[in-house]
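**Student:** Take this structure first; my questions come after.
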Ligand code: DGY
C-alpha cells in the first residue's frame, strides 16, 4: 500500500506532483486554516505531513496520530513543532534552512529601509490624494540608513547576511548580540562587532530582530527594552511573532519612545494588534520575508525532498537533506 501524506497548504503544482509519484496525497487547495481538531482528523492514517508555522505539532497531536513518521516543516523556523516530543516518539522533523537565507536578508533590509525612510506612510499619503502642493523641507523626512548603526539581535545565517549588506553595501557600523559570540573569522566576514544586549539597544539606529522564537526569546523586546532605545531609532522584526511584545511596541510608537517599526511577524498572526493598525509609523507586512518566487519554490522542493526521503523513497531514501532531529534516523 502507498503511504499517505497530508499537505496543509497548497503549493506549486509541478513541485507537489512529485509527492504524488510516491504517496497518496491529501492537500488543502483552498488554503483553509484548519483547527487543531480538524488537523488531527486529517492526519489519521497519514505517515507524513508537510506543515507550516501555522500548525501546532505537539505531544497530544502525535499521540492521537500514531501512524505519523515525518513532520516536514516549510520554513527555517520550527517553533510550531515540539521537536523533543517528536524525537521521543521516533518522528523525524525537517526544516528548510539555507535556501531562504539571502532572500530573507534582502527582505529584512528592505523592510528596515522602508521603515527608516517612511516609504509606506508616504505612499498611503500620496494615494489618498494628500500631495496637493510641493513638498516642504521635512515632508516625510526619515532616518538615514547609510552610515548609521545597524544592530542585529540573533546572528544566525540570516542575521549574518543582513550584517554583510549593511557593512559592505551601506557603510553601516554593525553591532550584534547573540546567545553566543561568533568565531573571530565569521565575525570579521560579517563586518559586525559583538556587544551586550543593553549596548545593542542603546546604540541602535536600526534594530533588526532575527532571533529564533523560544520561551527564552519570548518578549525579548518589551516596554523596558524599548525604553533603552534612542527616540529616533527604528525596530524591524522579521523573526517571529512573540519576540516583540506588540502591545508595548504600539504604545512606544504612539508615545515616540522610538521613531518607527517594520513588522513582518506578529503575536497571534494572522491577527494584528489593533493598536498597530492605527499607527502611521509602522510598516506592516503579512509574513512574507522569504517570499520570492524562486525561494518559495526552493522551500517547497526541499520540503518535498525531505518528505520523500524520510518515508524511504527517492534517490536519498532514508537520508532527508535537512533533518532537525537526525538522531531519529539512527534508529
Ligand atoms: C521561516 O522560514 O521560518 C519563515 O518565517 C517562513 O515561515
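**Student:** Would you check which residues across region 217-240 are buried (at least 21 other Cβ atoms within 10 Å of the Cβ) and within 16 Å of the ligand (Cβ to nearest atom) and list them?
**Tutor:** 236, 237, 238, 239, 240, listed by residue number.
**Student:** Mind listing whichever residues of region 282-297 are away from the ligand (no atom under 14 Å from the Cβ) and crowded, with 18+ Cβ neighbours inside 10 Å?
**Tutor:** Of everything in region 282-297, those that are away from the ligand (no atom under 14 Å from the Cβ) and crowded, with 18+ Cβ neighbours inside 10 Å turn out to be 282, 283.
**Student:** Checking residue 150 against (1) assigned to a loop (DSSP other than H, G, I, E, B); (2) buried (at least 17 other Cβ atoms within 10 Å of the Cβ), only one condition comes out false. Which one?
**Tutor:** It is condition (1) that residue 150 fails.
**Student:** Have a look at 116, 151, 105, 64 and point out the one that is without any contact (Cβ under 8 Å) to a residue 60 or more places away in the chain, in the same structural domain as residue 208 (by TED's automatic domain parsing) and farther than 26 Å from residue 319 by Cβ. Don't jump to the end; show me each part of the working.
**Tutor:** Numbers: 116 fails: without any contact (Cβ under 8 Å) to a residue 60 or more places away in the chain; 105 fails: without any contact (Cβ under 8 Å) to a residue 60 or more places away in the chain; 64 fails: in the same structural domain as residue 208 (by TED's automatic domain parsing).
Just a single option satisfies the conditions, and that option is 151.
**Student:** Would you tally the residues in region 37-87 being crowded, with 20+ Cβ neighbours inside 10 Å, within 16 Å of the ligand (Cβ to nearest atom) and not in a loop (DSSP other than H, G, I, E, B)?
**Tutor:** 8
**Student:** If you scan region 307-326, which residues turn out to be surrounded by fewer than 17 Cβ atoms within 10 Å (Cβ to Cβ) and in contact with a helix residue (DSSP H, G or I) (Cβ under 9 Å, 6 or more places away or on another chain)? Can you show your working first?
**Tutor:** Applying the first criterion (surrounded by fewer than 17 Cβ atoms within 10 Å (Cβ to Cβ)) to region 307-326 yields 312, 315-319, 321, 326.
Once the filter is applied, which keeps residues that are surrounded by fewer than 17 Cβ atoms within 10 Å (Cβ to Cβ) and in contact with a helix residue (DSSP H, G or I) (Cβ under 9 Å, 6 or more places away or on another chain), region 307-326 yields 315, 316, 317, 318, 319, 321.
**Student:** Tell me which residues, restricted to region 245-271, are away from the ligand (no atom under 16 Å from the Cβ), touching a residue at least 24 places away in the same chain (Cβ under 8 Å) and either assigned to a helix (DSSP H, G or I) or surrounded by fewer than 20 Cβ atoms within 10 Å (Cβ to Cβ) (or both). Don't jump to the end; show me each part of the working.
**Tutor:** At the first step, the residues of region 245-271 found to be away from the ligand (no atom under 16 Å from the Cβ) are 245-261, 271.
Now drop any that are not touching a residue at least 24 places away in the same chain (Cβ under 8 Å), which leaves 245-254, 256-261.
Those that are away from the ligand (no atom under 16 Å from the Cβ), touching a residue at least 24 places away in the same chain (Cβ under 8 Å) and either assigned to a helix (DSSP H, G or I) or surrounded by fewer than 20 Cβ atoms within 10 Å (Cβ to Cβ) (or both): 246, 247, 248, 249, 250, 251, 252, 253, 254, 256, 257.
The values are calculated or read from the model by the stated rules, or taken from the named source; none is laboratory data. As the structure is a prediction and not an experimental result, all values here were calculated from the model. Neighbour counts run over all protein chains shown; Cβ positions are idealised from the backbone, glycine included.
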